[in-house]
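So the structure is just underneath, and the comments pick up after that.
The values are calculated or read from the model by the stated rules, or taken from the named source; none is laboratory data. All values derive from a computational prediction rather than experimental measurement. Glycine also receives a Cβ, built like all others from the backbone with ideal geometry; neighbour counts cover every protein chain displayed. We work out accessible area using only protein heavy atoms, side chains counted, and drop any ligands, DNA or RNA first. Shrake-Rupley method; radii C 1.70, N 1.55, O 1.52, S 1.80 Å.
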Amino acid sequence: MTYLSRHCLALVLGTLAFGAQVQAQDFRVGFVNTDRIFREANTAKAAQVKLEQEFSRREKELNDMGTALKNASERFEREAPTLPESQRGQRQKALIDQDREFQRKRREFQEDLNARKNEELQQVLDRANRVVRQVAEQEKYDLILQEAVYINPKHDITDKVIRALNTAR
């Protein structure tokens, strides 16, 4: 390769490297911590309150049912040695049926609660994503990440998103 062609190649590579560096400086990256949004945003807090109100009656009924089952079981344990065999068998069967009903209701409650929680969190997430897009467009971000192994705190825009979520209605 001649001196002139080596010089031209070095000039071209230098220009490309400089252009890539300038382009990288213009590339803005942000990060949003969705866990913090679910904990701190007013919409997430309101969703939690809504779920608690919606499920508190069923949860209390379930707790009362569990307490009654525990008390009945303890009473049976105390009285079992003095009970006739037939009565002991009947009460044991009744306790097993009561426990089976309690487990079924507890499972249904948990499934219903999880389904509603997922619905509410999805609404919060959809709203947060809209706000993230608005912040990204207004502040000219090229990329916003929601999951990362490490993020430099200067790229974290979670506070801006939470403030925007809390002021938007």
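Selection of segment 56-80 for residues being open to solvent by less than 100 Å² (accessible area, probe 1.4 Å) and more than 30 Å from residue 117 (Cα to Cα) yields 71, 72, 73, 74, 76, 79, 80. In the set 110, 103, 98, 48, only one residue is over 30 Å from residue 149 (Cα atoms), open to solvent by 70 Å² or more (accessible area, probe 1.4 Å) and in a helix (DSSP H, G or I); that residue is 110. Per this entry, residue 115 is counted among residues that are small (Gly, Ala, Ser), at pLDDT 95 or above and open to solvent by less than 60 Å² (accessible area, probe 1.4 Å). Residues of segment 32-45 that are open to solvent by less than 10 Å² (accessible area, probe 1.4 Å) and either free of Cβ contacts under 8 Å to residues at least 60 places away in the same chain or of a type outside the set (Gly, Ala, Ser) (or both): 32, 37. A single member of 13, 51 is farther than 26 Å from residue 123 by Cβ and either at pLDDT 95 or above or out of contact with any Asp or Glu (no Cβ under 8 Å at 6 or more places or on another chain) (or both), and it is 13. Selection of segment 25-73 for residues being of a type in the set (Gly, Ala, Ser), under 19 Å from the mean Cα position of the chain (by Cα) and under 20 Å from residue 156 (Cβ atoms) yields 41, 44. In this structure, does residue 148 turn out to be outside any helix (DSSP H, G or I) and either in contact (Cβ under 8 Å) with a residue 60 or more places away in the chain or open to solvent by 80 Å² or more (accessible area, probe 1.4 Å) (or both)? Yes.
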